[in-house]
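Novice: Input: one structure, supplied below.
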Amino acid sequence: MKNIKNICCLGAGYVGGPTMSVIALKCPEIKVTVVDLNQERIAAWNNEDLEKLPVYEPGLAEVVAQARGKNLFFSTDVDAAIAAADMIFIAVNTPTKTYGEGKGMAADLKFVELCARQIAEVATSDKIIVEKSTLPVRTAETLQTILDSNGNGVHFEVLSNPEFLAEGTAIDDLLNADRVLIGGKQTPSGKEAIQALVNVYAHWLTPQQILTTNVWSSELSKLTANAFLAQRISSINALSALCEVTEADVDEVAHAIGTDSRIGPKFLKASVGFGGSCFQKDILNLVYLCRYFNLPEVANYWEQVIVMNDHQKYRFAKNIITTLFNTVNGKKIAFLGWAFKKDTNDTRESAAIYVAEYLIEDGAEIHVYDPKVSETKIKADMRYLWELNGLTEEKITQKLTQIVVYNIHTEALHKAHAVAILTEWDEFKTYNWSTIYTNMYKPAFVFDGRNILNIEELTEIGFQVKGIGK
């Protein structure tokens, strides 16, 4: 049985950094090196000030502090790390394609392919390659073909080990996983490679938590898990619209159905819509695969989950405009939150981006406060969206003047016409809403896109409050 002594991870982002940090902490006899071509990112991982790590996750800084410099290393020397490793994790970005065949739906695998070619070029000893990035079904086959075609007589085994982390709870998800899924070829060498990875996770997880399958089932399970979770959110959001016109309360409905053991209570929280790097990307990927394999009805079914999510963001923004007397032109709308969820600084596909776009188009001034997201990131998010939409540089520059970002929440809220809650940060519940009310234009509106505030208390203060599904 191959004894793993040296692990390399290609990609130091939201998946690679935390996952490798926990593996290093739990497997002190294994050297773990995380490599990335982005020098700034690697420098941030090596920063002595643990507050400045490039990824914010509760508990991550403590894990890095314990392992870094002992058996956890962050480097830009990709070739050296590949050459030395027994096992190589691929955790690079697999965004939705913005060009060519499959544009807007298929996963862009160019970074994964580049990794495979670099491994094949550098490797002089047998390697186990682990897909950690979320990939479409049959990607392992592509990887194996590239590795075998370019290798120097080296034997490669490709495993699928999808991540099931939720941002904001990633460290706890790694330490106390529901399950770890490992897929590989059902050959003697494939089973040996699977066991080698099982042995790594067995340092802290029980045999019941480690599931092994064939490689295709593993790849499809990741897309399926995210599709099912997103489907639940879109389902409750669809019903939130019905609740608003029938005077039902979506939270009461969610609680009532969630007590049914066949349904369960999780992912039934109505909101302005889901975001993050996974849900939309993975469902679009699933839709593309279904169309590719000539399953149009299946594709249409899953695509509706995305359609509903987009509608929820549009509905929220339109409600703000309608309530503010059918125009927000020149009005100050304060956004509390920009990250796609609390306890993370990740803004990918955040609902805030799309709500802001819609309001800015109507002339609003968006004043943003988020405890973990910088002004640079917020403006980069909007720039990227507008560039994708084909806006000229002149138009983008002009629109960016309609966004102001603050480090102090009271400044963002001062003399606002309305407040919109876009992220469910706990601190928003602790604010002095009486003082906020005093300093706002009247009538003062609150649009709670996460249903985290006490509507009765705010109404008593004088606010006009609009929740989701209420």
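Throughout, read-outs are computed from the coordinates displayed, never taken from laboratory work. Quick caveat: nothing in here was measured; it's all calculated off a predicted structure. Here Cβ is always computed from backbone atoms with ideal geometry, including for glycine, and neighbour counts include all displayed protein chains.
Novice: Enumerate by residue number the trypsin sites (Lys or Arg not before Pro) in the stretch 246-288 meeting two conditions: DSSP loop (anything except H, G, I, E, B), and at most 12 other Cβ atoms within 10 Å of the site's Cβ.
Specialist: Here the sparse-neighbourhood loop sites are Arg262, Lys266.
Novice: May I pose another question? Tell me, what ³J(HN,Hα) does each residue in the stretch 324-330 have, in order and in whole Hz, if you take phi through Karplus 6.51 cos²θ - 1.76 cosθ + 1.60 with θ = phi - 60° and put x for Gly and Pro?
Specialist: Along the stretch 324-330, the couplings run 7, 6, 6, 7, 10, 4, x Hz.
Novice: Follow-up. All other residues with a Cβ under 14 Å from the Cβ of Glu361 taken together, and with Lys, Arg as +1 and Asp, Glu as -1, what is their net charge?
Specialist: Counting the neighbours of Glu361, the net charge comes to +2.
Novice: Helix-only estimate, please: 222 nm mean residue ellipticity of the chain, summing -39500 (n - 2.57) across DSSP H runs of length 4 or more and dividing by its residues, to the nearest 500.
Specialist: That calculation yields -14000 deg cm²/dmol at 222 nm.
Novice: Still on this structure, please answer the following. If you take every DSSP beta bridge whose two residues both sit in the chain, what share of them, in percent to the nearest 5, is antiparallel?
Specialist: 5 percent
Novice: Output ³J(HN,Hα) for the stretch 271-278: one whole-Hz value per residue in order, computed from phi by the Karplus curve 6.51 cos²θ - 1.76 cosθ + 1.60 with θ = phi - 60°, and x for Gly and Pro.
Specialist: 7, 6, x, 7, x, x, 7, 9
Novice: If contacts are Cα pairs under 8 angstrom and at least 6 residues apart, what is the relative contact order of the chain in percent?
Specialist: That works out to 12 percent.
Novice: What net charge do the residues around Val373 carry, taking every other residue with its C-beta under 10 Å from that of Val373, with Lys and Arg at +1 and Asp and Glu at -1?
Specialist: Counting the neighbours of Val373, the net charge comes to -2.
Novice: What list of ³J(HN,Hα) couplings, whole Hz, do you get for the stretch 76-86 from phi and the Karplus terms 6.51, -1.76, 1.60, once you set θ to phi - 60° and write x for glycine and proline?
Specialist: 9, 7, 5, 4, 5, 5, 5, 4, 7, 7, 8
Novice: 5 Å is the cut-off here: which amide hydrogens, built 1.01 Å from N in the peptide plane, fall below it relative to Met87, excluding neighbours closer than 5 in sequence?
Specialist: Asn6, Cys8, Ile128
Novice: Looking at the square roots a ≥ b ≥ c of the eigenvalues of the Cα gyration tensor of the stretch 304-360, which shape do they give, rounded for a/c under 1.5, prolate if a/b is larger than b/c, or oblate?
Specialist: Taking the square roots of the gyration eigenvalues as a ≥ b ≥ c, the stretch 304-360 is oblate.
Novice: Could you pull out every residue, at least 5 positions away or on a different chain, whose amide H is within less than 5 Å of the one on Phe74? Hs are placed 1.01 Å off N in the peptide plane, and Pro or chain starts have none.
Specialist: Those lying under 5 Å, H to H, from Phe74 are Val34.
Novice: Still on this structure, I have one more. Please list, ordered by chain and number, the residues whose modelled amide H lies under 5 Å from the amide H of Leu453; skip anything fewer than 5 residues away on the same chain.
Specialist: Here nothing satisfies the definition.
Novice: Can you spot the aspartates and glutamates whose alpha carbon is less than 14 Å from Lys331's alpha carbon? Ignore those fewer than 8 places along the same chain.
Specialist: The reachable aspartates and glutamates, counting only those whose Cα sits under 14 Å from Lys331, are Glu361, Asp362, Glu365.
Novice: For each of Met87, Met308, count neighbouring Cβ atoms within 10 Å of the residue's Cβ, then give the residues from fewest to most.
Specialist: The most exposed by this proxy come first: Met308, Met87.
Novice: A further question on this structure: Under a Cβ-Cβ cut-off of 11 Å, what is the net charge of the residues other than Asn439 that fall near it, where Lys and Arg count +1 and Asp and Glu count -1?
Specialist: Once positives and negatives cancel, what remains is +1.
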